[in-house]
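First comes the structure, then the notes that go with it.
The values are calculated or read from the model by the stated rules, or taken from the named source; none is laboratory data. Everything numeric in this text was worked out from a predicted model, so none of it was measured. Here the Cβ is made from the backbone with ideal geometry for all residues, glycine too, and neighbour counts use every protein chain on show.
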Amino acid sequence: MKEQIERIRAEFQKALAGADTPEALDQLRVQFLGRKGKVQQLLRGLGQLPPEQRPEVGRLVNALRDQVQQALKEKKASLKPAVPREWLDLTLPGRKPPVGKKHPLTQVLDEIKAFFVQRGFTVADGPEVETDYYNFEALNIPRNHPARDMQDTLYITQDIVLRTHTSPVQIRVMESQQPPVRIIAPGRVYRRDTPDASHSPFFHQVEGLCVDRGVSFGDLKAIISEFARELFGEDIHVRFRPSFFPFTEPSLEYDFNCVFCRGKGCRVCKQTGWMEISGAGMVDPNVFKAVGYDPDIYTGYAFGMGVDRIAMLKFGIDDIRLFFENDLRFLNQF
Ligand SMILES: [Zn+2]
């Protein structure tokens, strides 16, 4: 029996040396440790031995079983590194991280800023929560002035409002510096409006102001006309209509040729060929007095424009609310 054990041990060691795949090792395990394996047969043979020999031979067989198990385990572990865990293809193109882009309103605002900065304007900023004085009073809109009804204002207190236009920035700039002044003031403004396709309780304006000796209506017309051509194309003309604003005299509203039909007349412009853009005018002498400029020496023009409206025209968007819903399916198109 002991010889048999030694023979099987030698047989196993020889077979193990030749097994160099996981499959071969599995086969060995079945061959030696399986239910019909060689070690199992030895254990079964124990019953035929005289009782006094059984304990010693039993220990030897168990020792062989343990040795086989341990040897198979170690060999299997030593094979593992040969199996590649992952495979790296250095020729594959890299995965691009998703890159954000500018909001369409920011894109248009950047374009507007670039146009005016190239012409000597600087960009001015001011608070969105504004005092009654800067939003109305200093702009020649006194407390009992009917113009206050024109603007459905969001009041925080009786004297503090969410600014209804960016014009208060003009006042703050003129208070802090002497002419010449050439600024644009872009920013968010608020009105008590019910949202629909063309109204939003907040939107974006750019206000422009130019004050110096000898600034004329012709200068205003020139810069607005150039702006229209720059943004929408050489064939876009500008039309001025008389209007009224408390802080300019004379006041006007300006229209661009319809950017969809280029002035020929279409459904969007109701066959007129024109689209209303915004208001402008020569700065009212009362506004100059409020900031301490001498209206006998200085003249100036001011104009406003809606960034949202211009972006809608530029991109052919028919609902202002799309700008503020942050729907990536919409924003990714620009
Ligand atoms: Zn049209």
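Out of I236, I297, one residue alone is assigned by TED's automatic domain parsing to the domain that holds F136, within 16 Å of the ligand (Cβ to nearest atom), in contact (Cβ under 8 Å) with a residue 12 or more places away in the chain and part of a loop (DSSP other than H, G, I, E, B). It is I236. Filtering the range 206-233 to residues that are of a type in the set (D, E, K, R) and either assigned to a loop (DSSP other than H, G, I, E, B) or exposed (fewer than 13 other Cβ atoms within 10 Å of the Cβ) (or both) leaves only R213. Listed by first and then second residue, the pairs with beta-carbon distance under 9 Å, at least 6 apart or on different chains, first residue in the range 43-64 and surrounded by 12 or more Cβ atoms within 10 Å (Cβ to Cβ), second of a type outside the set (A, V, I, L, M, F, W, C) and in a loop (DSSP other than H, G, I, E, B), are L46/Q53.
With respect to G281, is the statement that it is under 20 Å from G214 (Cβ atoms) and within 37 Å of the chain's Cα centre (by Cα) true? Before you say what the answer is, go through the steps one by one.
Values: under 20 Å from G214 (Cβ atoms): yes; within 37 Å of the chain's Cα centre (by Cα): yes.
Spelling it out, G281 is indeed under 20 Å from G214 (Cβ atoms) and within 37 Å of the chain's Cα centre (by Cα).
Could you say whether any residue in the range 315-326 is of a type outside the set (K, R), over 28 Å from T106 (Cβ atoms) and away from the ligand (no atom under 16 Å from the Cβ)?
Within the range 315-326, not a single residue is of a type outside the set (K, R), over 28 Å from T106 (Cβ atoms) and away from the ligand (no atom under 16 Å from the Cβ).
Determine if the range 254-272 includes at least one residue that is more than 16 Å from the ligand (Cβ to nearest atom) and either surrounded by 21 or more Cβ atoms within 10 Å (Cβ to Cβ) or modelled with pLDDT under 95 (or both).
Yes; the residues of the range 254-272 include at least one that is more than 16 Å from the ligand (Cβ to nearest atom) and either surrounded by 21 or more Cβ atoms within 10 Å (Cβ to Cβ) or modelled with pLDDT under 95 (or both).
Table: residues versus (1) free of Cβ contacts under 8 Å to residues at least 60 places away in the same chain; (2) surrounded by fewer than 11 Cβ atoms within 10 Å (Cβ to Cβ); (3) in a helix (DSSP H, G or I).
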{"position": "R95", "(1), (2), (3)": "yes, yes, no"}
{"position": "P98", "(1), (2), (3)": "yes, yes, no"}
{"position": "E111", "(1), (2), (3)": "no, no, yes"}
{"position": "P127", "(1), (2), (3)": "yes, no, no"}
{"position": "E130", "(1), (2), (3)": "yes, no, no"}
{"position": "A138", "(1), (2), (3)": "no, no, yes"}
{"position": "H145", "(1), (2), (3)": "no, no, no"}
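Each residue in the range 167-190 was checked for being buried (at least 18 other Cβ atoms within 10 Å of the Cβ) and part of a loop (DSSP other than H, G, I, E, B), and 1 pass.
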